[in-house]
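The values are calculated or read from the model by the stated rules, or taken from the named source; none is laboratory data. Everything quoted here is computed from the prediction, not taken from an experiment. Neighbour counts run over all protein chains shown; Cβ positions are idealised from the backbone, glycine included.
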Amino acid sequence: MKKKIRIWDLPIRAFHWLLVLCIIGSLISVNIGGNAIEWHAYFGYCILTLLIFRIVWGFVGSTHARFSSFFPTRSRILGYLGGQPSRYLGHNPLGAFSVFALLLALSIQAVTGLFGDDEIAFQGPLAKFVSSSTVDFLSEIHDANQIVIYILIALHIAAIIYYRKYRNIDLITPMVVGDKEVNDSEKGKYFPADLNQASKDGALQRSLALLLLSLIAVIVGYFITG
Ligand code: HEM
Ligand code: HEM
């Protein structure tokens, strides 16, 4: 018998795939150059909104969305490296590092972008509030940090392929449909607490997420147009 357990609620899945689309959009537009830099900024604002939403959802979201459920503490890392690799239904401790690293690197990129200047026709909306040397410094960080982001994304995708090919674990389907399937025979591999705690993903949680996302979008909009 197989049991389906909801791991990734709809808000997390929507966050993930919208983030991927916006990053692709922001990279295409910045490489087109010229007026497309405006689009680069719009994608950047969407990424910033998504990231703030994800951080708040990490505190108020469903079980497996919460940072406390996958924060890589010493004992979790040692347990994982000590041979309990299949025991996590959500992010495992090493995956958690990559999640936090991605969120941090993307946040640095989105925030520094707000102060950026392409030295042609575009200035980030907050550049006028700081000195030109600060704008130059933050633009350099924006430029250099892209490498960190590319490396993290490459590692992220390589890890997913590794799990699929060498460990026979499909991580992608749950990030699309939300559920993981656990065979009765495999149940012993997981933490009992995990098996009994599916992520809540009903109309109430989804409405709360939508409300939160809208509120964050309005606040971000206020700061970039104000
Ligand atoms: C996470 C979101 C973002 C990513 C991944 C990203 C990525 C990039 C990349 C790869 C470049 C090219 C750097 C170069 O080769 O010179 C760039 C340049 C630029 N970006 Fe972003 N960006 C993001 C957010 C933003 C935001 C929110 C703004 C402004 C509203 C912005 C404004 C600029 C500007 C003005 C440049 C050209 C000058 C510079 O290098 O600072 N970016 N961005
Ligand atoms: C722009 C590229 C990408 C970025 C920035 C990115 C970012 C992220 C982030 C931040 C998470 C953590 C989700 C959360 O808890 O909030 C995550 C998880 C995940 N991503 Fe991506 N992602 C990217 C591309 C992809 C692609 C192309 C795939 C599929 C081939 C993918 C599949 C997954 C999966 C399966 C997880 C869950 C991993 C697990 O079970 O621990 N991602 N990603």
Original post:
If ILE149 satisfies every condition in (1) without any contact (Cβ under 8 Å) to a residue 24 or more places away in the chain; (2) β-branched (Val, Ile, Thr); (3) in contact with a helix residue (DSSP H, G or I) (Cβ under 9 Å, 6 or more places away or on another chain) but one, which is the exception?
Top reply: (1)
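Does TYR150 qualify as being of a type in the set (Phe, Trp, Tyr), away from ligand 1 (no atom under 16 Å from the Cβ) and assigned to a helix (DSSP H, G or I)?
Values: of a type in the set (Phe, Trp, Tyr): yes; away from ligand 1 (no atom under 16 Å from the Cβ): no; assigned to a helix (DSSP H, G or I): yes.
No.
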Subject >> Flag if PHE115 is within 11 Å of ligand 1 (Cβ to nearest atom) and either of a type in the set (Val, Ile, Thr) or surrounded by 12 or more Cβ atoms within 10 Å (Cβ to Cβ) (or both) >> reply: yes
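Can you name every residue in the stretch 188-226 that is at pLDDT below 80 and surrounded by 12 or more Cβ atoms within 10 Å (Cβ to Cβ)? Working first, answer last.
Step one: of the stretch 188-226, the residues at pLDDT below 80 are 188-196, 226.
Answer for the stretch 188-226, where residues must be at pLDDT below 80 and surrounded by 12 or more Cβ atoms within 10 Å (Cβ to Cβ): LYS189, TYR190, PHE191, ASP194, LEU195.
Which residue, of HIS16, HIS64, is in contact (Cβ under 8 Å) with a residue 60 or more places away in the chain, touching a Ser or Thr at 6+ places or on another chain (Cβ under 8 Å) and in a helix (DSSP H, G or I)?
Numbers: HIS16 fails: touching a Ser or Thr at 6+ places or on another chain (Cβ under 8 Å).
After applying the criteria, what remains is HIS64.
Inside the stretch 181-226, can you point out the residues that are in a loop (DSSP other than H, G, I, E, B), of a type outside the set (Phe, Trp, Tyr) and farther than 30 Å from PHE115 by Cα? Reasoning before the result, please.
From the stretch 181-226, those in a loop (DSSP other than H, G, I, E, B) are 190-191, 196-202, 226; that's our starting set.
Next cut, of a type outside the set (Phe, Trp, Tyr) only: 196-202, 226.
Answer for the stretch 181-226, where residues must be in a loop (DSSP other than H, G, I, E, B), of a type outside the set (Phe, Trp, Tyr) and farther than 30 Å from PHE115 by Cα: ASN196, GLN197, ALA198, SER199, LYS200, ASP201, GLY202.
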**OP:** Name the residue, out of SER107, SER139, that is surrounded by fewer than 18 Cβ atoms within 10 Å (Cβ to Cβ), within 14 Å of ligand 1 (Cβ to nearest atom), small (Gly, Ala, Ser) and assigned to a helix (DSSP H, G or I).
**Re:** SER107
Original post:
If VAL111 passes every condition in (1) within 26 Å of PHE53 (Cβ to Cβ); (2) over 23 Å from the mean Cα position of the chain (by Cα) but one, which one does it miss?
Top reply: (2)
Original post:
Among the residues of the stretch 5-62 satisfying the criterion of being over 16 Å from the mean Cα position of the chain (by Cα) and polar (S, T, N, Q), which is farthest from ligand 1 (Cβ to nearest atom)?
Top reply: ASN35
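Considering only residues that are within 24 Å of the chain's Cα centre (by Cα) and either within 17 Å of ARG66 (Cβ to Cβ) or basic (Lys, Arg) (or both), which ones fall in the stretch 176-194? Walk me through how you get there before you give the answer.
To start, the set of residues in the stretch 176-194 that are within 24 Å of the chain's Cα centre (by Cα) comprises 176-181, 194.
Result: GLY178, LYS180, ASP194.
Please pick out the residue among ALA127, ALA121, ALA144, ALA159 that is more than 17 Å from the chain's Cα centre (by Cα), in contact (Cβ under 8 Å) with a residue 24 or more places away in the chain and either away from ligand 2 (no atom under 16 Å from the Cβ) or more than 30 Å from GLY33 (Cα to Cα) (or both). Steps first, please.
Numbers: ALA127 fails: in contact (Cβ under 8 Å) with a residue 24 or more places away in the chain; ALA144 fails: in contact (Cβ under 8 Å) with a residue 24 or more places away in the chain; ALA159 fails: more than 17 Å from the chain's Cα centre (by Cα).
Answer to the selection: ALA121.
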